[in-house]
Structures are given as C-alpha cells and as structure tokens.
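Single-structure report; data block below.
Just so it is clear, none of the values below were taken in a lab; they were calculated from the coordinates. Just so it is clear, the model here is predicted, and its values are computed rather than measured. As a convention, Cβ positions derive from the backbone with ideal geometry for all residues, glycine included, and neighbour counts pool all protein chains shown.
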Amino acid sequence: MNKRIHHFFTNDHRRLEDLLRKASENPDAINMEYYHPFRVGLLTHIKMEEKILFPAAQRANGGVALPITAKLRLDHGAITSLMAVYPTHELIKALWFILDQHDLLEEKPGGMYDACEALTQHQTDEILEQLNQVTEVPVHPPSPLSYVLEAGKRAVARAGYDYDSLIK
C-alpha cells in the first residue's frame, strides 16, 4: 500500500496545526489572519472526509461503515460547532485536545486512514482527484454570543469530551 491518501490527509493535518499555532501564539489576542484560513481549512478537511473518503470506504466495505466512523463523526460535529464560536485561547485549548485525540484515531497504524486506504486501494487516483477538486467551505464570521458557545459545549459533550475540564 502506497499510503497516498493517508499522506494527503496527514499533510493537511500538519498544515492546519501550523495555522492554529500561528493564530494562537500571541497570549494577548488571536491572530485572525491565521485563524480564518485555519477555520476554512479545517471545515474543508472535514468536508473531504465526510463527502468523499468515508463514503468511498463504506461502498468498498459492502455498504457497511467502518466502526470508528461513528466516533469520528461525533468529533466532526463537535469541531464544526466550535468553529462557529469566536476564538479565545480557552476555545483553542479545547480544540487542540479534541484535534489531537481525533487525529490519532485517523493517523495511527491501523487507524481510519489505513483502513480507508486498504479498502479503496484500487480507487486511489480517483479519490485523490475528487479530493483535489473540493471547494472551500464558505463561513460566516465566528460568533461571540454565549448561546453559540453553549451549543458547542453540548456538541463536544456528545462526542465524549467535557469542554470545561479541557480548558482548565
């Protein structure tokens, strides 16, 4: 297995991590020049997994979703909901934790990317072509309203995390 799909997604993880690191390196403020492309990039990354990779693996697996897919989708819901919240260092701390756990499930040996790659090994070129044609997810400005954060916290809880304990 040549792991071209695995490399595509893990390289994108590193790109997104770099943007988030740059966005949050100033302890006094979030740098929106880096946070905005991080947000768009992360939501687009999730779109590629949800619309192309996971369905391709499910089709190749006889129509049955891989067991880890349900957890990854809960994480995607939590991450997506947090992207609607105006960024603070606390929010970014929670994001780092969730992304670290999530990315491990995808990247580790035998993880989601390896499983998808094995199931779709004869479709690699087609899948990579589709991934390279994905358009960016359009976004509205993040919201500072408390009810948006509360909705995000509920999505985080559904994914198995406690937002308030993550930011301590």
Say a paramagnetic label sat at a point 7 Å from the Cα of L66, along Cα to Cβ; which residues of the range 151-166 have their backbone N under 19 Å from it?
none
By average C-beta atoms within 10 angstrom, highest first, the peptides 103-113, 63-73:
103-113, 63-73
Once phi is turned into θ = phi - 60°, what whole-Hz ³J(HN,Hα) does the Karplus curve with 6.51, -1.76 and 1.60 give for every residue of the range 109-122, x standing for Gly and Pro?
x, x, x, 4, 5, 4, 5, 5, 4, 5, 5, 10, 4, 8
Once the other residues with Cβ under 12 Å from the Cβ of I92 are scored (Lys, Arg +1; Asp, Glu -1), what is the net sum?
+1
The long-range amide H neighbours of V85, using H built 1.01 Å from N in the peptide plane and a cut-off of under 5 Å, are S143
Let me spell out the model: positive unit charges on the Cβ of Lys and Arg, negative unit charges on the Cβ of Asp and Glu, origin at the Cα centre of the range 4-166. What dipole size does that give, in debye rounded to 20?
340 debye
By a straight-distance test (C-alpha under 18 Å), which lysines pair with K3 as possible cross-link partners, with residues fewer than eight away in the same chain excluded?
K108
For the range 4-166, shape from the Cα gyration tensor axes a ≥ b ≥ c, cut at a/c of 1.5 then a/b versus b/c, turns out prolate
Name the lysines eligible as straight-distance cross-link partners of K47: C-alpha to C-alpha under 17 Å, and not fewer than 8 places from it in the same chain.
K71
